[in-house]
1. Output the qualifying pairs, or none if there are none: Cβ atoms under 9 angstrom, residues six or more apart or on different chains, first residue in segment 35-49 and over 13 Å from residue 21 (Cβ atoms), second residue assigned to a loop (DSSP other than H, G, I, E, B) and among the aliphatic types (A, V, I, L, M).
2. Give me the pairs, please: first residue somewhere in segment 150-177 and part of a strand (DSSP E or B), second residue anywhere and of a type in the set (Lys, Arg), beta-carbon distance under 9 Å, and either six or more positions apart or on two chains.
3. Being without any contact (Cβ under 8 Å) to a residue 12 or more places away in the chain and either on the phi > 0 side of the Ramachandran plot or crowded, with 18+ Cβ neighbours inside 10 Å (or both) is the filter here, so list the residues in segment 116-141 that pass it.
4. Keeping to segment 66-76, report how many residues are under 12 Å from residue 106 (Cα atoms) and surrounded by fewer than 18 Cβ atoms within 10 Å (Cβ to Cβ).
5. Could you list all residues from segment 296-340 that are under 20 Å from residue 27 (Cβ atoms), of a type in the set (Gly, Ala, Ser) and assigned to a helix (DSSP H, G or I)?
6. Just need a number here: residues in segment 132-147 that are outside any loop (DSSP other than H, G, I, E, B) and either touching a Leu at 6+ places or on another chain (Cβ under 9 Å) or of a type outside the set (Asp, Glu) (or both).
7. Farther than 17 Å from residue 78 by Cα and part of a strand (DSSP E or B): which single residue out of 19, 32 fits that description?
8. Got a number for residues in segment 202-249 being surrounded by 17 or more Cβ atoms within 10 Å (Cβ to Cβ), free of Cβ contacts under 8 Å to residues at least 40 places away in the same chain and more than 21 Å from the chain's Cα centre (by Cα)?
Amino acid sequence: MKTVVRWGVVGCGGIARRRTIPEGIVRAANGRLAAVWDASAAATREVAGQFGARAAADLGDLLGDDVDAVYIASPPSAHREQALACARAGKHALCEKPLGMTVAEVEAMIEAFRRAGLLLGAGFMMRFHAQHQEALRMIRQGRLGTPVLGRAQLSCWYPPIEGAWRQDPATGGGGSLMDMGGHCIDLLEMFFGPVRRVSCHTNRTVHPYASEDSAVATLFFENGALGIVDAFFCIPDEASQNRLELYGSLGSILATGTIGQGERGKMEAFLKEGSGAYDAQQARGEGGGIAIEPAPVNMYRAEIEEFGSAILEGREPSNGAGPGLRSQKTLAACYGSARSGKTIEVA
């Protein structure tokens, strides 16, 4: 029985070179890096030499017999065609988010992999953060009570950079909302379920590039909970605590620093056994939180191992294309709301 998935990487610069290859594919118990290809020939040679992989001449060359699955980390504008090429070549694919530029692109990708009997996954690695998984377990146990409000924040300082695809909606699909808000929306949908409708505002507050550098979205979930996502490219890194706040009828789960690329952060739960009576004083005692401190997990390794295990076991991965499609639909509604100034139903 096969025990190792041989990975090819498309778009081997950027996040692939910094995190997913060294921390995910190279360290995965069930994975091995076989080949890499990037639109930059220099990047292809450098990454191949750094990690001992085959330097592919082009995408077709990457999709050789020594590759079982492909990690796609190219700009979103290239995802659809590269993923379809993987499906035609009989390769599974784990694609960075957003899966495509539009909902229609993602649906076409999903259908192509379904027809080919292959797996397509979405690269939402923050789902695998140990504290996020523990919070999800507590919510599923009912310890938060009825979900009431979720807030997820992810911001950074991202000044104009020549050729940066995230700063051009033609290559990135959007700016801070698509790139950072996409992670936040996915996390809140993981905790509270699908979003039904949205209201969103975007702006170019500080930076002059074409994509938005500012975004705030309010979400209405199918279960009745509300949500807030704020994502900015124009706030200094040190100023944003990347907060996660989950509130319910029995308490809250509050975190700083768990949203991001690191595997640590601070998370506390403030929970009650029952709803209790009305307190006219509304006193807030200091402390009293329960620290949520599971053993840290490397998110990049976890996402690669989960997708690899699903391939080897012939099952659907928890990081399959479903969450990617849900996120794409919610993001499309958010951008529609920002353009129209109206509340938009999620398709």
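Read the figures in this text as sums done on the coordinates, not as results from a lab. Computed from a prediction, not measured in an experiment: that's the story for all the values here. Glycine gets a Cβ as well: all are built from the backbone with ideal geometry, and neighbour counts include every protein chain shown.
1. Here the result reads 41/57, each pair linking segment 35-49 to a residue that is assigned to a loop (DSSP other than H, G, I, E, B) and among the aliphatic types (A, V, I, L, M).
2. 151/243; 152/243; 153/243
3. Within segment 116-141, the subset without any contact (Cβ under 8 Å) to a residue 12 or more places away in the chain is 117, 137, 140-141.
If the condition is that a residue be without any contact (Cβ under 8 Å) to a residue 12 or more places away in the chain and either on the phi > 0 side of the Ramachandran plot or crowded, with 18+ Cβ neighbours inside 10 Å (or both), then 117 is the only one that fits.
4. Step one: list which residues in segment 66-76 are under 12 Å from residue 106 (Cα atoms), which gives 76.
Now drop any that are not surrounded by fewer than 18 Cβ atoms within 10 Å (Cβ to Cβ), which leaves none.
Looking only at that region, the number is 0.
5. 302, 308, 309, 310
6. Kept after step one, since they are outside any loop (DSSP other than H, G, I, E, B), are these residues of segment 132-147: 132-140, 147.
Next, only the ones that are either touching a Leu at 6+ places or on another chain (Cβ under 9 Å) or of a type outside the set (Asp, Glu) (or both) stay: 132-133, 135-140, 147.
Going through segment 132-147 one residue at a time, the tally reaches 9.
7. Values: 19 fails: part of a strand (DSSP E or B).
None of the other options fit; the residue is 32.
8. Looking only at that region, the number is 0.
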